[in-house]
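These notes are about the structure you will find just below.
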Ligand SMILES: [Zn+2]
C-alpha cells in the first residue's frame, strides 16, 4: 500500500484525478452540509480501486490541510500540548469535538466512546481523566452527549444487541433510576431525548465522584479561589449543529447520592496525600456540586 502512495505522489496525472475527487467531495460537504463522498461508479482499469480512493481522499485532504498551516501554527504545535478542555463525547461520527466547538488541534483533549459513558471499570477513560486533570491541568471537562444517540436508543429497546449490551447496561442502569420520569413520557422520541440528557448528567456525576477530580478541585479552591476543573453537561443536536447546556434536576440527584460519595467536602492531609494518619488534622474544603454549572430547570 505504501508503494502505491509513493507512486501516486510521484504521478502528477493520477494525483490530479485524486485532487478532483477530493475537490468534488469538499464541494458536496460545504454545499449540502452532508459528509464528503467519493464517486466510485467508475474506476479505470489501471486506476485506484474504491478502497484505495477512500484512503487517497484522506491522504490528499491531509496534504492540502498541512500545506495551509502557518509557520506560527506549526511552531505552536511543535511545543507540547496545553489544552484548556477535556471533551467526553460519543463515538458517533457526527460529533467531532474540535469541529463542533470551533477549536484547533491542541486546544481540546478528547475521549470518546459509545454513549459518552464514564464507566467505573473503564481503564481507558480513567487514564485519560487522570492525565488530563493531573498532568495537563485542564480547566473544563465538557460532557457532551447528543440527540439521536444510537447507544441510548439501543439501550431503551428490549432487543438483544449482542456484545455491546454489556456496555449499554450502563445506560440501562440510568433508565432504571429514572424509570418513573421516563415512563411518564409517552412520546418515544421525547423519551430518548430525555434519557440522552439524564445520561449526560449521570456521567458528569461519575466524573465528579473520582478522587483525581475532587482532589484537584479542592486544591484549586485554595490556590485559585475557585474549583478547577469545572464540569459542564451539554448536548449536541446533529440536526441544527447547536450545542446547548442541559437542564438537570440537581436537587434530586444530589439528594440521592451526596451522602454516599462525600462530594460536599473533602479532607486534604497537609502532606497532599489522602492518608489515614490520625495525627494530621486535614482542612475541610467546601466545594458544593452547585459550583458545577448545572442548570436546574424545574418549571
Ligand atoms: Zn451517540
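Data for the structure
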quantity	calculated
The listed residue being assigned to a helix (DSSP H, G or I), within 15 Å of the ligand (Cβ to nearest atom), in contact (Cβ under 8 Å) with a residue 12 or more places away in the chain and assigned by TED's automatic domain parsing to the domain that holds residue 120, out of 192, 235	192
Residue satisfying condition, being surrounded by fewer than 17 Cβ atoms within 10 Å (Cβ to Cβ) and within 16 Å of the ligand (Cβ to nearest atom), within set 110, 114	110
Considering residues of the range 87-107 that are under 24 Å from residue 72 (Cα atoms) and touching a strand residue (DSSP E or B) at 6+ places or on another chain (Cβ under 8 Å) only, the residue surrounded by the most Cβ atoms within 10 Å (Cβ to Cβ)	97
The range 138-173, residues that are in contact (Cβ under 8 Å) with a residue 24 or more places away in the chain and away from the ligand (no atom under 14 Å from the Cβ)	138, 139, 140, 141, 142
Every pair of residues 6+ apart whose Cβ atoms lie under 8 Å, when the first sits in the range 48-60 and is free of Cβ contacts under 8 Å to residues at least 40 places away in the same chain while the second is in a helix (DSSP H, G or I)	53/18; 53/21; 57/18; 57/21; 57/22; 57/25
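Conditions (1) in the same structural domain as residue 102 (by TED's automatic domain parsing); (2) assigned to a helix (DSSP H, G or I); (3) at pLDDT below 65, marked per residue:
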| residue | (1), (2), (3) |
| --- | --- |
| 16 | no, yes, yes |
| 22 | no, yes, yes |
| 40 | no, no, yes |
| 51 | no, yes, no |
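The values are calculated or read from the model by the stated rules, or taken from the named source; none is laboratory data. Because the structure is predicted, anything quoted here is derived from the model rather than measured. Counting neighbours? That spans all protein chains shown, and the Cβs are built from the backbone with ideal geometry, glycine included.
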